[in-house]
Amino acid sequence: MEEPDKVMADLLESSGTRFDGVRIGDGMLEPAQVVQALAPHLSESRIERIDDILRSRTYDIAPVVEGVINTGNVSAVMRTAEGLGFQPFHVISNDVPFKHSSRTTQGAQKWLDVHVWDTTSECVKYMKANGYTIVATALTDAAIPLEQVDFTRKTAIVFGNEAHGCSDAMLEAADQTCILPSPGFVQSYNISVAAAMSLYAAFAARIRSFGQNGNLSMSDMERLRADFYVRSVRSADTILRRWAEGLD
């Protein structure tokens with residue numbers, strides 16, 4: 001069995017982590033303090049860019065990839081999710097051996113809340129507990145067209161394995177299944193294409209309904225702002241440590 005490439009190794013290491021501040025010695029700098037300390041080390045244009053991105057972010061759409069073998073496909077879906085402002089990203093490994101790919105996420109994993117699950121049941125349990133409607137992309141008798149999915153509610157949209165699609169366990173747990181438009185001869189798309197079509201449909205539906213995609217709470221916005229500042233400033237740890245020493 002091949003080992004996951006560096007992208008997947010990074011995802012596995014950081015899975016489930018949530019930025020709630022920076023530990024300095026025995027203390028903890030809260031997100032607001034992190035922002036205050038690092039803001040002078042960012043250009044005005046970078047600060048404005050981060051603010052624009054935060055305004056477009058949402059946790060209400062959660063992309064999920066299940067049992068995907070090719071890490072290039074995982075990376076491509078992740079780039080699309082990040083580009084459209086969907087903050088959570090879930091990977092269900094189901095003990096599938098990943099195939100190495102030279103394609104990367106282009107750093108998308110740094111800006112997302114990534115969760116890697118060993119089993120479908122663990123991911124489903126999390127989604128149900130957090131109020132998500134689970135929509136699996138699959139050609140079933142009960143499947144509805146993609147454009148009929150209600151993306152104004154919290155939705156986890158699932159993309160399955162390249163060869164076999166979503167697992168039986170996921171299809172049984174899903175609240176809905178949906179199919180993508182395919183008026184041509186082909187009946188299915190590559191997962192990266194299917195995800196791009198589906199996630200853009202979700203984005204466009206939310207723009208039509210709300211006038212914008214983003215709807216972060218003030219606490220989530222401040223938490224992510226601090227996280228993004230840390231990832232945008234060189235030697236952030238050193239700067240924060242010195243700033244904290246000044247407080248003492």
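The values are calculated or read from the model by the stated rules, or taken from the named source; none is laboratory data. Remember, predicted model here, so these are calculated numbers, not experimental data. When we count neighbours, we look across all protein chains shown, and the Cβ atoms used for this are built from the backbone with ideal geometry, even at glycine.
Key figures for this structure:
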{"item": "Candidate set from segment 108-160 (those that are more than 22 Å from PHE203 (Cα to Cα) and aromatic (Phe, Trp, Tyr)); member that is modelled with the highest pLDDT", "result": "TYR126"}
{"item": "1 or more residues among the polar types (S, T, N, Q) and more than 24 Å from VAL135 (Cα to Cα): qualifying helices (runs of 4 or more DSSP H) within segment 162-248", "result": "218-232, 236-247"}
{"item": "Enumeration of residues in segment 127-147 that are of a type in the set (A, V, I, L, M) and either buried (at least 20 other Cβ atoms within 10 Å of the Cβ) or within 18 Å of HIS164 (Cβ to Cβ) (or both)", "result": "MET127, ILE134, VAL135, ALA136, ALA138, LEU139, ALA143, LEU146"}
{"item": "Leading residue by the ranking (modelled with the highest pLDDT) among those in segment 43-96 that are in a loop (DSSP other than H, G, I, E, B) and over 23 Å from ARG153 (Cβ atoms)", "result": "SER43"}
{"item": "Residues being without any contact (Cβ under 8 Å) to a residue 60 or more places away in the chain and among the β-branched types (Val, Ile, Thr) - total across segment 41-91", "result": "1"}
